[in-house]
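Asks: Sharing a structure with you now.
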Amino acid sequence: MSTLSKTIKADLIIFDYLWSKAYPSQTALKTKCETLVKHGVIQIESLYEHALAIQGRLKRDSRHGRDFVDGSDAKKATVQYSKTEVPQARIKHITVKRGLLRILVFDLKNNQFYFFKIPYKAYRDITEIKIPFTRAGEPSTKSKYWKYRVKSFKELASSC
């Protein structure tokens, strides 16, 4: 796997994690789907939405600005490291959202997942959410968004 790009490596790790939440007994199919992830054919975001629906018993509804009938939306991001900027996970395309954001953040550097349930009031006046990290890959908990962190995927998927 050393020849794979960082993006594909991260996608495969996220895929593996989400697959266990969405299709825990489908091991034969998983291997085939992993190949499609490597080729960029499978969108991790769709698997993420399905995993949330399964774990939280949420009904999906992909109308404009939401992914679930409760008005919430699933977003995922990876922590980006740069020589010139603060490491951060950026959650984009939120201007049409009006409900709770169920955010999955993955840090490839430390192979760590973080979960956030961010209410509309916390992002209504901005165009993207930036969740900062330290250069060592530790959460920069001074950000206002860290107060919306939840401890597990199950809690992320649960009703509000």
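Asks: Which of LYS38/LYS97; LYS92/LYS144; LYS76/LYS109; LYS59/LYS121; LYS9/LYS59 have a Cα-Cα distance over 27 Å?
Replies: Those over the limit are LYS38/LYS97; LYS9/LYS59.
Asks: Report the trypsin sites (Lys or Arg not before Pro) located in the stretch 36-75 that are in a DSSP loop and have at most 10 other Cβ atoms inside 10 Å of their Cβ, or state none.
Replies: ARG57, LYS59, ARG63
Asks: Let me ask something else about it. I need to check one value: relative contact order of the stretch 44-157, counting alpha carbon pairs closer than 8 Å and at least 6 residues apart, in percent.
Replies: 24
Asks: How large is the dipole of the stretch 44-157 about the Cα centre if only Lys and Arg carry +1 and Asp and Glu carry -1, each at its Cβ, rounded to the nearest 20 debye?
Replies: My answer is approximately 260 debye.
Asks: Can you pull the one-decimal nm distance between simple spin-label points at ILE13 and LYS144, each 7 Å off the Cα toward Cβ?
Replies: 3.0
Asks: In whole Hz, with x marking every Gly and Pro, tabulate ³J(HN,Hα) for the stretch 125-140 from phi via Karplus 6.51 cos²θ - 1.76 cosθ + 1.60, θ = phi - 60°.
Replies: Residue by residue, the stretch 125-140 yields 9, 10, 9, 7, 9, 10, 9, x, 9, 8, 4, 7, x, 8, x, 8 Hz.
Asks: Oh, and also: Using R₀ = 30 Å, calculate the FRET efficiency as 1/(1 + (r/R₀)^6) where r is the Cβ-Cβ separation of ALA136 and SER20; round to 0.05.
Replies: With R0 = 30 Å, the Cβ-Cβ based efficiency is 0.60.
Asks: Could I ask something else about it? So who's got an amide H within less than 5 Å of the one on LYS75, skipping anything under 5 residues away but keeping other chains? H placed 1.01 Å off N, in plane.
Replies: When sequence neighbours closer than 5 places are left aside, the close amide H contacts are ARG102, ILE103, LEU104.
Asks: What number comes out for the charge environment of LEU52, summing +1 per Lys or Arg and -1 per Asp or Glu over other residues with Cβ under 12 Å away?
Replies: Neighbour charge sum, excluding LEU52 itself: +3.
Asks: Then there is this: Using the Karplus curve 6.51 cos²θ - 1.76 cosθ + 1.60 with θ = phi - 60°, what ³J(HN,Hα) values do you get for each residue of the stretch 83-88, in whole Hz, with x for Gly and Pro?
Replies: 6, 10, 10, 5, x, 7
Asks: In addition: Once a ≥ b ≥ c are taken as the square roots of the eigenvalues of the Cα gyration tensor of the chain, is the result rounded (a/c under 1.5), prolate (a/b larger than b/c) or oblate (a/b not larger than b/c)?
Replies: oblate
Bear in mind these aren't lab numbers, they're just calculated from the coordinates by the rules spelled out. Bear in mind that the values here come from a model prediction, so they are computed numbers and not experimental data. Cβ sites come from the backbone with ideal geometry, for glycine too, and all protein chains shown count toward neighbours.
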